[in-house]
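First up is the structure itself, then whatever we jot down about it.
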Amino acid sequence: MLDARRDFLAHCRLELGLSANTLAAYENDLAKAYAGFGALGLRIDEVGPDEIGKLLAWLRDEKQHAGTSLGRALVSLRMYARWLVAEKLMPRDRIGLARLPKQWIELPEVLSVAEVESLLLSPPDGAMHARDRCALELLYATGGRASEVAGLGLADLRERSRLVRLRGKGNKERLVPLGEPARRALRRYVTDLRPTLATAASGDALLLSQRGKPMTRQALWKLVQVAGALAGIQRPLYTHLLRHSFATHLIAGGADLRAVQELLGHANLSTTQRYTHVDAARLRDVHRRFHPRA
């Protein structure tokens with residue numbers, strides 16, 4: 001089945017236009033799933049919901065996969081199974097009936113509004129202060145994925161209309177508004193610092209390294225970690241935490257779920273709905289701690 005997996009990944013790249021990051025995730029998920037099938041004595045054309053449950057338990061117990069990783073692995077397997085049936089390499093698809101057990105589903109971690117404020121104000125004065133502040137503001141102001149923010153170009157800025165254009169999964173574009181704090185940080189960086197960093201290798205990239213190369217998503221991840229430590233936030237931080245916080249804070253403020261879906265670039269509303277559960281969990285915690293009859 002190794003050739004079939006390669007053909008599936010080629011289909012995802014050439015016909016579906018999926019990004020390199022998504023393709024790498026699918027490849028990794030399928031490799032681990034096949035390792036699990038081997039360990040459990042299963043074949044993909046023989047499995048249904050019960051067998052997939054055993055596979056997910058194996059990934060959780062033997063590979064220490066968290067709920068989010070298990071959910072992604074299940075999505076990868078569903079897509080692969082549908083493709084196998086479409087290519088007549090498997091008689092029927094029973095994997096599509098499998099569901100991740102509810103108790104394994106993890107709610108996204110979020111930062112409080114106060115923690116976000118501390119994070120955004122944390123970059124120290126120095127040569128790259130304006131770039132770092134701009135990058136952090138953009139991550140939270142747009143709710144963009146690290147790859148989307150790292151991929152921003154000067155042509156993606158809509159200063160007059162206060163919008164930025166993000167390119168998401170499948171190269172789909174969306175316009176996201178910028179608040180005034182993010183616009184100020186962006187103007188300062190673009191006006192004062194970026195011209196001093198830019199080289200022939202910079203191209204149209206908005207965020208640049210000290211050597212003038214486009215900033216990578218890994219560099220953004222490192223920036224968030226350093227900023228979190230400087231802000232005194234006592235837990236591991238990652239770029240997606242700002243995306244989770246963006247969505248949760250909007251919903252907590254009364255934003256329409258469909259609007260949040262559009263801002264995040266989610267294809268399905270169900271993906272966005274998990275942020276309503278995060279806010280509900282926060283409210284339950286407040287009620288439990290402070291209500292006299294909780």
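Counting pairs of alpha carbon atoms under 8 Å apart in space and at least six apart in sequence, what relative contact order in percent does the chain give? Before the final figure, lay out the partial values.
Working: 340 pairs, mean separation 49.9, N = 294.
Relative contact order, the chain: 17 percent.
For segment 172-282, averaging the sequence separation of C-alpha pairs within contact (under 8 Å, six or more residues apart) and dividing by the residue count gives a relative contact order of 17 percent. Electrostatic bookkeeping for HIS129 treats Lys and Arg as +1 and Asp and Glu as -1; over the other residues with beta carbon under 15 Å from its beta carbon, the sum is +2.
Here the residues LYS222, LYS213, LYS32, LYS88, ranked from fewest to most Cβ neighbours within 10 Å of their Cβ, fall in the order LYS88, LYS222, LYS213, LYS32. With contacts taken as Cα pairs under 8 Å at a separation of at least 6 residues, segment 2-99 carries a relative contact order of 31 percent.
What does the helix-only formula give at 222 nm for the chain: each DSSP H stretch with n ≥ 4 adding -39500 (n - 2.57), the total divided by the residues, and the result rounded to the nearest 500 deg cm²/dmol? Spell out each step's value before the answer.
Details: 13 runs with 166 residues, N = 294.
Taking each H run of at least 4 residues, the total per residue is -18000 deg cm²/dmol.
Using alpha carbons only, the radius of gyration of the chain set against its Kirkwood radius gives Rg/Rh = 1.01. Percent of Cα pairs in segment 101-235 per distance bin of 10 Å, from zero to the largest separation: 12, 42, 34, 10, 2, 0.
Summing Lys and Arg as +1 and Asp and Glu as -1 over all other residues whose Cβ lies under 12 Å from the Cβ of GLY212 gives a net charge of +4.
Rounded to the nearest whole Å³, what is the per residue volume of the convex hull around the Cα atoms of segment 1-66? Don't skip to the end; give the middle numbers.
On the way: hull volume 6.4 nm³, N = 66.
Expressed per residue, the convex hull around the Cα atoms of segment 1-66 is 96 Å³.
Pairs of Lys residues in the chain are counted when their Cα atoms are under 16 angstrom apart and they lie 8 or more places apart or on different chains; the count is 4.
How far is helix 67-86 tilted off the main Cα axis of the chain, in degrees rounded to 10, range 0 to 90? Tilt relative to the chain: about 60 degrees.
Since every read-out is calculated from the coordinates, none of them should be taken as a lab result. It should be emphasised that the depicted structure is a prediction, and the values quoted were computed from it without experimental measurement. Here the Cβ is made from the backbone with ideal geometry for all residues, glycine too, and neighbour counts use every protein chain on show.
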